[in-house]
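Okay, so here's the structure we're looking at.
A short reminder: the numbers here are calculations on the coordinates, not readings from a lab. Only a predicted model underlies this, so the values are computations on that prediction, with no experimental measurement involved. In this analysis, Cβ positions are derived from the backbone assuming ideal geometry, glycine residues included, and neighbour counts consider all displayed protein chains.
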Amino acid sequence: MEYALVRNQAGTAGGAATARSSAGMESYITHTAGSATVAGNVIWSTTITQATSAPLTAGAPAAPVDSAVGSTGALTEAAMQLALEGAWLDGGDPDVVLCSAVNKKVISAFTGVATRNVDVARDQQASITAAADFYVSDFGTHKIVLHRHVRPNVIMTIDSSLWAVAFLRKPFSQRLAKTGDAEKRMLLSEFCLVGRSNNGNSKVVGMVA
């Protein structure tokens, strides 16, 4: 479920032979496109604007198109600040930055990372803190969340109050027929991601994967 909720798959209505599917969070964030130097909801990590996010069509997001080979760049603090500004300008209050392990290490080196002091007793060994938990910008304090399913070529700056998960069938476990001594179970659920306002969120795309 986590994988489906944060990835870049498109939303589909399904058909007679195929199941319907929910769009991922990355696909919902499609509003005003900025650039490497202009605030918006979609910020490119380079000036080459080949990474696109199609606008919502009848409430069903399409899958984003990644940059072509050779047009990717590194995540920069300026790009993330532009994304935060774009979300704020459209009515959001981004409080969370979702990122992969690669980009988490990059963000930890940004100058806007909040300084953390740790008290250590005299009889305890001191610890070295090198990770960023919070980033402070002109648009608030943002929690940096390392997520193993977020793609390495994107970070998302989100207002967590603008997202929810709706269930037609909540997750449950169903026993299947045994095979020898092995007991088998199937997890079932029908759910979808609810994007209450895609405008209040933003993302930086086109990073080196």
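Here the peptides 160-166, 3-9 are ranked by packing, the mean other Cβ count within 10 Å, and the order with the highest first is 3-9, 160-166. Packing, taken as the mean count of other beta carbons within 10 Å per residue, orders the peptides 88-95, 13-20 from highest to lowest as 88-95, 13-20.
Note on Glu190 and Gln174: the model spin-label points, each 7 Å out from Cα along the C-beta direction, lie 1.1 nm apart.
A simple spin-label model places pseudo-atoms 7 Å from Cα toward Cβ; at Ser108 and Asp95 they are separated by 2.6 nm. Label reach from Val145 (point 7 Å along Cα→C-beta): in segment 3-36, amide nitrogens under 13 Å belong to 3, 5-7, 25-26.
Just rank Val204, Val145, fewest to most, by other beta-carbon atoms within 10 angstrom. Working shown, then result.
Details: Val204 29, Val145 15.
With the sparsest Cβ surroundings first, the list reads Val145, Val204.
Here is the list for segment 139-201: trypsin sites (Lys or Arg not before Pro) lying in DSSP coil, each with at most 16 other C-beta atoms within 10 angstrom of its C-beta, are Arg148, Lys178, Lys184, Arg196. Length gained on full extension, Arg20 to Met1: 5.4 nm, using 0.36 nm per residue less the C-alpha separation.
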